[in-house]
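Just below is one structure, and these are the notes that go with it.
The values are calculated or read from the model by the stated rules, or taken from the named source; none is laboratory data. Quick caveat, the model's predicted, so the values are computed rather than measured. Glycine also receives a Cβ, built like all others from the backbone with ideal geometry; neighbour counts cover every protein chain displayed. Side chains included, ligands, DNA and RNA excluded: accessible areas come from the protein's heavy atoms. Shrake-Rupley method; radii C 1.70, N 1.55, O 1.52, S 1.80 Å.
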Amino acid sequence: MAKAVTEHHIAYRHFYCYKRSLMTAILFLLFSSCIMAQDINKTISIKAKNISLAEFISLVSTQSGLHFSYSSQQIPVNTIINVSVKIKKIADVLHEVLTPLGIEYVLVENQIVLKIIPGLPDNYHKGKLQPDGKKKYTLSGYMKDALSGEVLTGANIYTSDTYTGTSSNEYGFYSFSLPEGRYLLKVSFVGYQTLNDTVILNKNISKNYQLPLLKMNIPEVLISAEDNLSDKAVNFTESIRISPLELDQLPGFAGDIDIVKAMQSVPGIRTYGDASANFYVRGGNRDQNLILVDDAPLYNPSHLFGFFSAITPDAIRDMNVYKNNFPFNAGGRLASVIDIRIKDGNMKRFGFSGNLGPYTSYLTFEGPFKKDVASFFISGRISNLNWLAKTRLSNSKKLKINFFDLNAKFNVIVNKNNRLYISMYGGQDIFSRNIRQGQSTFGVTWNNILGSIRWNHIYNDRLFSNTTVYYSRYNYFLYLSKESDNYWKSSVSNISLKSDYSYFPDPSNTIRTGIRASLYFMDPGNVHFGNPDIQQNIKVIPDGKCAEVSVYAGNEQLIGEKISLEYGFALPVWMNFGPTTVYRFNTAYQLMDSLNYGQEVYHTSLAFDPRFSFFWQVNKKTVLNFKYSRTSQFIQIISNSISPLTSMEVWLPAGPNIHPQACDEFSTGYQMVFKKPAISVSADAYYRQYYKQVDYKDHANLLYNPLIEGELRFGKTQAYGIELMFRRYSGKFTGWISYTFSRAIRQTDGVNSGNPYPADFDSPNNLFVNLTFKTNKHWVFSANWMYLTGNPYTLPVSFYYFNGYSVPVYGSKNNGRLPDYHRLDIAITYNINKPSRKYQHALELNLYNVYARANAISMNFNKIIDDKGNFVVPADLQGNYEIVPSVISVAGIIPSINYKFSF
Amino acid sequence: MKNFIWYIIIILLVSCEKQSNRDIQTENKNMLIVDGIIGSYPAKYEIKLSRSSETLNQQPVAVTGAEVIISSSDGVHVLNESPAKQGSYFTDSLFFARPGPEYTLYIFIGEDVYSAKTSMVAGYQLKPLAYSSGGNNFFQIIRPVNSFSSSYACMFKVNLNWSHLAYCQGNTGECEAELMFYSLPFVDVGEIFPPQSQQVFFPAGTIIKQSYYCLNTDHAAYIRALLLETTMNGGLFDVSRANLPTNLSNGAAGYFAACYIVNFPEQIAN
């Protein structure tokens, strides 16, 4: 060190002599700082009980060779302390030991100078080191990103010795109470630098923390169970968090990072395969997943029949996946809750980002209206598929294909106790084809429109509330003739008000309660004709109009340091109201009569949904859990589609003919996290029993049918499985392997002769492997490989001819399976600028389905090969033809090059 | 560049279909299959009896020696097996059905007795299907537009015959075709987004014979199920598969129907 400083001075003296010397001087200057920093970053180990601070300083000095300088009159060198550190950086050791004593250190030349932290009360060093346990005070505030001012959900704050603490909620708010005393606190979050802070808690304190991002904007953990892998090894947590930084590293479909496809990496969540936005969680159907965008439900999460997901990846601030024990305020579905938070907008400065790709492009703009007070965020995406209109494909078929979506958000900190958010989302798909020039254009259009206004209010240090008004609407149009304005349309919408309260009486308890009231409107599909004469004579399918009121309450309770309980309930009440016509069916599902109701409640359903979680932190690295929950669901998609692609969708409410669905789940889990080597292992097992599951009679007529409810059957599903995950979260190579064994067996009277059969989405074996390799600051290589057992499929066992048609005779329902699914995706990212630059841009090459596996979505036994080699359905019924069995797949190898930028 | 983009979009959006060599487990169900319609004007109506086969493309085995009877309030009618066409049983040429009575088909095969009941709906007036030019002096039948709100269901049978044309003399291909079109009061995704269908073009001078059949509710439901399992099946939006319903008893499959039938005058395509 001394040598470095000497060289530094020599270089300085010759500053004006040679230009080269100037460079040398700068280099040495940097070098000397580096040497000091390196010394401070050296690791030491000390284990000592009841030693004085002076002895501790001596020990550090001996091990490190560093010199200390301090005033023995100011520094309480006789204070007795206990130290136990193993291979820890000197800087961290000093901070950990000195800060609680009200001492800070600075580096001056080659000395470590100790000083009293300014601003401490006079009696600080005379007070007790440990909390006195009598009076309790509350520490509360917000967790934010230091760069953008965005709130952070799930950031941890805890005392460094006892790990007592809490996590910030979805609005970034935290609160916990501790006995009077002084504490060294750690504030940590995945992908961010951990902050150390000292707090003297002799009154209620409101304090916001701003966490800086890690220098390399690349998280070390891709899918994290909210264990930030700091000193607090494992958390008691219900959700799996996927951040946008993490999403960004996954190979995407056609260059677009996809939230649904990202979820397929989570054990227990199964996607359908290529080009599908359908996903299934622990034996639940696709409509049993609740996707929330800033609290408002998103009914159809797909673009282009499922090829792309509806939310622009750039707009996502945070995404939490709940496979069970959903948040109390987010009930209403049986299988999962996907809680997506849209970015609030940068509170500090204006910025933009975007993506230019061959299939989609998007642009995001954000910034403060008033610095640290109000900000906005706006992000839009359009498909680049319009050029199809100029290709040979569309010239022959007059095909139009297009989609877009837009996210906008505004938020303002009214004062320290009030904050307001307004967020909106709109997305639309248009797919049309002209059959006869100027006469008949048919196609489909669907759109999602949703918005929410949220008001965060802090009543006091221990009571936080969020009140939200939200609206969501999903429309689906099937145009029979655009020119004639003839279409079939279905829709579902809701307008809701919910008010949630979080009360933090002490660090051991967090009480949450609230109420939600919603109105639902469902059009199960009606036909509209441009010609009023036809319109007045057509049948009308009555709308479903419903109201739901749900109250919920629960407590998260810590018992000691090792046990955590969470218990609570939701009490939803569902009401159907008129005016409407209700058809009544007998036990054979034949129409008996119909009843007309006016504007009145004609049917009410009530449910009681208790839940309970038990976490046991066996040691610092291991957590065991056991959970039970019951959930209810009152709305459902009515569709007997076996296609992975989104098609005509009808939502229907529970009512006199459709019983509310319910699910009981028992699960247990085990999680281990090791810091060195940086790996974690988790295992979960679950058993679910679903009740009143919607099933369908053979060839059910579900569209534009007033008697649609007579086409439904109701059964139960048994689902069980084991989910394993192994991951490495640090180093040049990171990644994980997840494996799920699961079954979902359904049994419905009137379907498959009442015998059990594998549900359409039953897939016993799922394997997902991710590997990310970071060579340096510029290159990142990432690869995914996934394997799924083929979907159940109903296969023929015999054939016959009827009027020229070759007709299959099927065995039992889902008696076979499609071929197994597997696929390799690769992403190569070249970050053009260094991470330290404000303007970041990157080129990303994505290869979806690298080895062009033709993963089947269906098997057919009804096609011939025509003169051009196409598989076609025979039309000439007297012709001599040979049926050729075939399989359909929807995606070959899909390359894409995207340019991404942000400022 | 255009070709490249076209290629990309093809691989992205257009499905790829390949022949499947996967074995499926089949079994010899040996089901009796009944295929018959009786009409509203005097004619020889055919009831075809066959057996299901274990494998795809296997020619159906005709059921011979059966006793076939149609019974209604109008009387009992015994059908005769055609010596020229095994498995086909014909009424006499004076037989016809009418709206109102319930018609019961009885089939006696050895010890086994099968039956089916049906009735006829009143007829209604429809226009014949039009045809359009497919280019190069060839034509194509225009599929009827489904209004989805119609209170009736019908099927069109179109016979095309161009065997008399010089065009066909040296042509080894087919010179006649039979096409079926349907107008049903249902909406199905498979109808809106059907799989690619065989294109049947016919030359100018083709003789077009058209007739339409008015279907009762059950028959329409059967036809819908038949189409879901055949012509509407195999697209990108398939629905759950299931065996066809039937009005036959005792484990037989197929359908026995009574239809109001209207024959249009012959047309010559030009």
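Annotations for the structure displayed:
- Estimated [θ] at 222 nm from DSSP helical runs (n ≥ 4, -39500 (n - 2.57)) normalised by residues in chain A, nearest 500: -2500 deg cm²/dmol
- Length gained when the stretch A:N460-A:Y589 is fully extended (0.36 nm per residue, less Cα-Cα span): 40.8 nm
- If only the Cβ of Lys and Arg carry +1 and only the Cβ of Asp and Glu carry -1, the dipole of the range B:88-152 around its Cα centre is close to 460 debye.
- Sequence-distant residues sharing a close amide H with A:N509 (under 5 Å, placed H): A:L558
- Distance histogram for chain A (every C-alpha pair counted, 20 angstrom bins, percent rounded to whole numbers): 13, 42, 31, 11, 3, 0
- Global geometry of the range B:191-270, whether rounded, prolate or oblate, following the gyration tensor of its Cα atoms and the 1.5 cut on a/c: oblate
- Accessible area that becomes buried as B packs against A, both chains, 1.4 Å probe, Å², nearest 100: 7800 Å²
- Average beta carbon contacts from partner chains per residue of A:888-901, 10 Å cutoff: 3
- Counts of other chain beta carbons within 10 angstrom of each beta carbon in peptide B:25-33 average 4.
- For the range A:809-903, the Rg and Dmax computed from alpha carbons only, in angstrom: 22.3, 73
- Between the listed residues B:A177, A:F477, A:L702, the Cα displaced farthest toward the positive end of the dipole of the protein assembly as shown, a dipole computed from Cβ unit charges relative to the Cα centre, is found at A:F477.
- Label-point separation, A:H659 to A:N418 (7 Å along Cα→Cβ), nm: 4.8 nm
- Applying the Karplus relation 6.51 cos²θ - 1.76 cosθ + 1.60 with θ = phi - 60° to the range A:86-94 yields 3J(HN,Hα) values of 10, 6, 10, 4, 4, 4, 5, 5, 4 Hz, where x marks Gly and Pro.
- Applying a 4.7 Å Cβ-Cβ cutoff to chain B, the cysteines left without a disulfide-compatible partner are B:C16, B:C154, B:C214, B:C259.
- Between the residues A:N41, A:N324, A:S69, the greatest Cα displacement towards the positive end of the dipole of chain A, with unit charges on the Cβ of Lys, Arg, Asp and Glu, is found for A:S69.
- Pairs with C-alpha atoms separated by more than 29 Å, drawn from the list A:K203/A:K498; A:K42/A:K834; A:K323/A:K774; A:K89/A:K371; A:K42/A:K676; A:K371/A:K838, are A:K203/A:K498; A:K323/A:K774; A:K89/A:K371.
- Solvent exposure ordering (accessible area, 1.4 Å, most first) of A:M859, A:M575: A:M575, A:M859
- Area of A:H95 that stays accessible when all protein chains are in place (1.4 Å probe, Å², to 10): 50 Å²
- DSSP beta bridges in chain A [antiparallel fraction, %, rounded to 5]: 95 percent
- Relative protection proxy for A:606-615, A:316-325, from highest mean packing down: A:316-325, A:606-615 (other beta-carbon atoms within 10 angstrom).
- Residue-wise HN-Hα coupling along the range A:447-456, computed from phi with Karplus coefficients 6.51, -1.76, 1.60 (Hz; x: Gly, Pro): 8, 10, 10, 8, x, 8, 10, 10, 10, 8
- Solvent exposure of A:T775, expressed as accessible area, is near 50 Å², computed with a probe of 1.4 Å over the protein chains only.
- Which of A:V890, A:V540 is most accessible, then next, and so on - probe 1.4 Å: A:V540, A:V890
- Rounded to the nearest 20, the Cβ-based charge dipole of the protein assembly as shown about its Cα centre (Lys and Arg +1, Asp and Glu -1) stands at 4720 debye.
- Distance violations [Cα-Cα > 22 Å] among A:K813/B:K48; A:K261/A:K900; A:K343/A:K627: A:K813/B:K48; A:K343/A:K627
- Dimensions of the range A:262-364 along the principal axes, based on C-alpha atoms and rounded to the nearest Å, stand at 43, 33, 23, largest first.
- Taking every C-alpha pair closer than 8 Å and separated by at least 6 residues, the mean separation divided by the residue count of chain B gives a relative contact order of 20 percent.
- Cα-based shape type of the range B:66-191, given that a ≥ b ≥ c are square roots of the gyration tensor eigenvalues and the cut on a/c is 1.5: oblate
- The value of relative contact order for chain A, using C-alpha pairs under 8 Å at least six residues apart, is 8 percent.
- Filter on A:K539/B:K29; A:K86/A:K416; A:K115/A:K207; B:K44/B:K127; A:K47/A:K186; A:K47/A:K144 - keep pairs with C-alpha separation over 30 Å: A:K539/B:K29; A:K86/A:K416; A:K47/A:K144
- Accessible surface of the range B:183-264, 1.4 Å probe: 52 percent of it comes from carbon and sulfur atoms.
- Net charge dipole size for the range A:517-645 [Lys, Arg +1 and Asp, Glu -1 on Cβ; Debye, nearest 20]: 620 debye
- Taking every residue in B:198-205 and counting other chain Cβ atoms within 10 Å of its Cβ, the average works out to 3.
- Spatial separation of Cα centroids for the range A:73-101 and the range B:155-229, in angstrom: 90 Å
- Toward the positive end of the charge dipole of chain A, with +1 on the Cβ of Lys and Arg and -1 on the Cβ of Asp and Glu, the farthest Cα among A:P644, A:Y801, A:S491 is that of A:P644.
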